[in-house]
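To start, the structure under review is shown below, and the notes come after it.
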Amino acid sequence: MIINDIISLDRTQCSVKCQSKKRIFEIISEIAIEQSPELDQVEVLTSLLARERMGSTGIGHGIAIPHGKIEGLTNMIAVIVTSDCPIEFDAIDSQPVDIFFAILVPEEQTDKHIQALSGIARKLSDKNIVKAIRSASNKNEIVAALA
Amino acid sequence: MLVSKTVTIINKLGLHARAATKLVQLSNSFDCDIQLKQGEQSAPANSVLALLMLESSQGKQVEISCNGNDAQTALDSIEELIANRFDEGE
């Protein structure tokens, strides 16, 4: 899985002003529907929050990978957001999060889901990539770091 | 003490984010070094990112290796978590 296929500059935002977990999910769902108007914002938000309630997607080192299944979605899409300040996120290492790599997944695409997570993990386990994302001053630099 | 065992991932979603997180939380509760190996690739069981990189989907075989004080207990607990489909209702 080439994760570049699911990343889009239009669905990436750098250093958003945000101080709460709830607000970051709203921002992610706003970005998603702006670029894909066929999506329903309430459904996207509900799906992300429902997954989060089952356990935090904060996987450690200031990174979270929120995700949700969306009925009727044809292709998986990623929404990438960094926050200007780290946000309390109940992450596995209890550290606040400032990199949010969200994915919206079509229902019943289990294999692709696992492949996407693996591709994302490969990028985010590279300390140089994570450093470049954190020090990015605009969204172009975030997308370039992940390319 | 070093113990290892090969088990099959049987839950529908495989080692996805929530399953990997549970595995890390469980692994962190033991006083030993735990590695998961799938084919040529291995991952420390204390890293969600490393576990996700294994791309362990349903039906894949993984070798669990535990090395340390409570290695056998750790191995048994992890085997049970995987056999119980990471406690996911399917």
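The table below lists the values:
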quantity: Rounded D (µm²/s) - the range B:1-46, Kirkwood Rh over Cα pairs, Stokes-Einstein at 4 °C, 1.567 mPa s; calculated: 110
quantity: FRET E, pair residue A:110, residue A:23, Förster distance 45 Å, beta-carbon r, rounded to 0.05; calculated: 0.90
quantity: Heavy-atom accessible surface of chain A: percent carbon and sulfur, 1.4 Å; calculated: 48
quantity: Nearest 10 degrees, 0 to 90: helix B:71-83 Cα axis against chain B principal axis; calculated: 10
quantity: At least 20 Å² of accessible area lost relative to the chain alone, listed for the range B:31-68 with a 1.4 Å probe; calculated: B:48, B:49, B:52, B:53, B:55, B:57
quantity: Summed buried accessible surface, chains B and A, 1.4 Å probe, nearest 100 Å²; calculated: 1600
quantity: Span from the the range B:36-66 Cα centroid across to the the range A:52-107 one, whole angstrom; calculated: 21
quantity: Helix B:17-27 vs. chain B, principal-axis angle (Cα, 0 to 90°, nearest 10); calculated: 10
quantity: Lysine pairs meeting the criterion (Cα under 26 Å, 8 or more apart or interchain), as found in the range A:3-146; calculated: 23
quantity: Pair residue B:61, residue B:42: separation of 7 Å Cα→Cβ label points (nm); calculated: 1.7
quantity: Shielding by other protein chains, A:79-88, mean Cβ within 10 Å; calculated: 0
quantity: Residue-span extension gain [residue A:147 to residue A:88] - 0.36 nm each, minus C-alpha spacing; calculated: 18.4 nm
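The values are calculated or read from the model by the stated rules, or taken from the named source; none is laboratory data. Keep in mind it's a predicted model, so treat the numbers as computed, not measured. Note that we place each Cβ from the backbone using ideal geometry, even for glycine, and neighbour counts take in every protein chain shown. When the accessible area is computed, the model is the full protein with side chains, heavy atoms only, and any ligands, DNA or RNA have been set aside. Shrake-Rupley method; radii C 1.70, N 1.55, O 1.52, S 1.80 Å.
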